[in-house]
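Every read-out reported here was derived from the displayed coordinates using simple, explicitly stated rules and does not represent laboratory data. Since we're looking at a predicted model, the values are computed, not measured. For neighbour counting, all protein chains shown are included, and Cβ atoms are generated from backbone atoms with ideal geometry for every residue, glycine included.
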């Protein structure tokens, strides 16, 4: 899979320069430790025209995280103001911090025919779906709970207490997988990436996404 | 894409040996000359566990076609008998010959958790959908009508009159693309195959197909 299989927003415009299809919102959720972050990064490399949706959060930056790239890092007061103003398509509290997706981010991507990847927890994803937000919802699962525990302990970025919290949360979150459109099992990383890439590519072949091509096909045929 | 991404019907059985998901019916249609036959063959090689559905037809075998492999070649009387007995999930007249899919073929594949590929014209596909047959419907389009004409002339297997009939039929068939689930544009063969393979793989990641995995996940977690 490489660049040749990607379509830019520009290519999706028809000959009159009109956008023929809205961008697709790809929603990825997973319990902590299932490999969502690594898979998201690899997927964004596979599809250079798929862009990450940047969320707002009240948590402090970790490691090399950059404001405006990884998240928009805001204070509690600013987050409160945005929430009160109805600026969020969804927001949720995860591990004691607030995370939210601005409506403006989704609206702009949709208008530009830009596919975006939204990496959010299942509460946030559920709110998007309840609010009737159109999107492709994918849940990433570890091969087993034992394997999830092993991975969380091995990565050594959280305290043992935090690992326990994450495992308890995983147990609560995983039943949500049943309402997602797709389930990707991250047993083998390359295989999981291949499945995610197949979902993105297949969704681009949906008839509704190719309405512009069908339209041009008939216009050309009438010449 | 290779063998590692395929799942056998056996693997889809849960630990009690019960089938956890029905096989998927993949329906491929295309106007004559769009490359459906070559793409179907390549797709079957990509997914060794995807099997072709063998149709019944009243037309005479062509070239190296084998009875029971490419088609079940039957006489008009036998076809009439099967149609009268309600043995067909769909049947249609294409270029003056009758083609039909036996209900028994679809029922058996479904029961065995076997994914099958059904290569039929859009009349037959439409009847399957009208009859509420569950399936993934994919329409293959040439990049343009001019290119379709060029390909039909180049392959030199039909008389010029037959080529004209096929082009007129294509013009009538192509609007049906709008009700299919997916559209694959066969401009570049490898790219079209990649899209078809992505559709098959993505469909295997559908939550409903992975219900058995989810079930086992929770059983294991309770031990």
Sketch the reach of a paramagnetic label on residue A:144 as a point 7 Å from Cα along Cα-to-Cβ, and name the residues of the range A:180-200 whose backbone nitrogen lies under 20 Å away. A:184-192
Checked the range B:166-215 with the C-alpha gyration tensor, a ≥ b ≥ c its square-rooted eigenvalues, rounded below a/c of 1.5, otherwise prolate if a/b is larger than b/c and oblate if not; verdict oblate
Using a 7 Å Cα-to-Cβ projection, residue B:83 label spacings across copies, nm, ascending: 6.7
Measuring nothing but label to label, 7 Å from Cα along Cα→Cβ, what are residue B:104's distances to the other copies in nm, shortest first? 6.6
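Taking neighbour Cβ counts within 10 Å as the exposure measure, how do A:119, B:87 sort from fewest upward? Walk me through the numbers before you get to the answer.
Numbers: A:119 20, B:87 17.
Lowest to highest Cβ neighbour count: B:87, A:119.
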Is there a simple number for the mean count of other chain Cβ atoms within 10 Å of the Cβ of residues in A:145-156, and what is it? 1
Counted neighbours (other Cβ, 10 Å), sorted fewest up, put A:53, B:29, A:178 in the order A:178, A:53, B:29
What gaps in nm, shortest first, separate residue A:172 from its twins in the other copies when you place the label 7 Å past Cα toward the beta carbon? 6.2
Please identify which residues in the range A:131-160 have an amide N closer than 19 Å to a label point set 7 Å out from the Cα of residue A:189, following the Cα→Cβ vector. A:140-144, A:147-158
Cα centroid of the range A:89-111 to Cα centroid of the range B:175-223, whole Å: 28 Å
Looking only at B:124, B:86, B:63, which one moves most when chain B is put into a Gaussian network model with springs between Cα atoms under 10 Å? B:63
Taking the protein assembly as shown and counting helices only, DSSP H stretches of n ≥ 4 at -39,500 (n - 2.57) each over all residues, the nearest-500 ellipticity at 222 nm comes to -12500 deg cm²/dmol
Would you mind calculating the relative contact order of the range B:77-185 from Cα pairs under 8 angstrom and at least 6 residues apart, reporting the percent as a whole number? 24 percent
Just checking the output field for A:207-217: average partner chain Cβ neighbours within 10 Å of each residue's Cβ? 5
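Once you average over the residues of A:126-139, how many Cβ atoms of partner chains fall within 10 Å of each Cβ?
Details: counts 0, 0, 0, 0, 0, 0, 0, 0, 0, 0, 1, 1, 3, 4.
So the per-residue partner count for this stretch is 1.
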Suppose the Debye formula is applied to equal point scatterers at every Cα of the range A:46-131; what is log10 I(q)/I(0) at q = 0.18, 0.19 Å⁻¹? -0.80, -0.89
Assign one of three labels to the range B:61-101, namely rounded, prolate or oblate, based on the Cα gyration tensor with a ≥ b ≥ c the square roots of its eigenvalues; rounded applies when a/c is under 1.5, prolate when it is not and a/b is larger than b/c, and oblate otherwise. prolate
Shape parameters for the protein assembly as shown, alpha-carbon atoms, Rg then Dmax in Å: 24.6, 81
Name the most mobile residue of B:84, B:198, B:30, meaning the one with the largest mean-square fluctuation, in a Gaussian network model of chain B with Cα contacts below 10 Å. B:84
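Rounded if a/c is under 1.5, else prolate if a/b is larger than b/c, else oblate: which is the range B:16-89, with a ≥ b ≥ c the root eigenvalues of its Cα gyration tensor? Could the numbers behind the result be given before it?
Values: a/c = 2.06, a/b = 1.20, b/c = 1.72.
It is oblate, given that a/c is not under 1.5 and a/b is not larger than b/c.
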Net lengthening on full extension, residue B:159/residue B:107 (0.36 nm per residue, minus Cα-Cα): 14.9 nm
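Counting other C-beta atoms within 10 Å, which of B:54, A:93 has the fewest, and how do the rest follow? Mind showing how you got there, number by number?
On the way: B:54 17, A:93 12.
Fewest to most other Cβ atoms nearby, the residues stand as A:93, B:54.
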Let me check the size of chain B from its C-alpha atoms; what are the radius of gyration and Dmax in Å? 18.8, 70
Which angle from 0 to 90°, rounded to the nearest 10, does the C-alpha axis of helix A:160-173 make with the longest principal axis of chain A? 50 degrees
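Which whole-number percent is the relative contact order of the range A:136-213 (Cα, under 8 Å, 6+ apart)?
Details: 44 pairs, mean separation 31.8, N = 78.
It rounds to 41 percent for the range A:136-213.
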Take chain B, connect every pair of alpha-carbon atoms lying under 10 Å apart with a spring to form a Gaussian network, then pick out the residue of B:170, B:21, B:77 with the largest mean-square fluctuation. B:77
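If R0 is 51 Å, what FRET efficiency do you get for residue B:171 and residue A:45 from their C-beta distance, rounded to 0.05? Intermediate results must be reported in sequence, preceding the final value.
Values: r = 42 Å, r/R0 = 0.82.
In this case the efficiency is close to 0.75.
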For labels at residue A:67 and residue A:215 in the simple 7 Å Cα→Cβ model, what's the distance in nm? 4.2 nm
In degrees from 0 to 90, rounded to the nearest 10, what is the angle of the helix B:36-46 Cα long axis to the longest principal axis of chain B? 30 degrees
With both partners inside the protein assembly as shown, how many of the DSSP beta bridges are antiparallel, as a percent to the nearest 5? 35 percent
Taking Cα pairs closer than 8 Å and at least 6 residues apart, the relative contact order of chain A in percent is 30 percent
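Any idea what the alpha-carbon Rg over 2.2 N^0.38 Å comes to for the range A:127-223?
With N residues counted in the range A:127-223, Rg over 2.2 N^0.38 Å equals 1.58.
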Rounded to the nearest 10, the angle in degrees between the Cα long axis of helix A:189-204 and the longest principal axis of the Cα atoms of chain A comes to 40 degrees
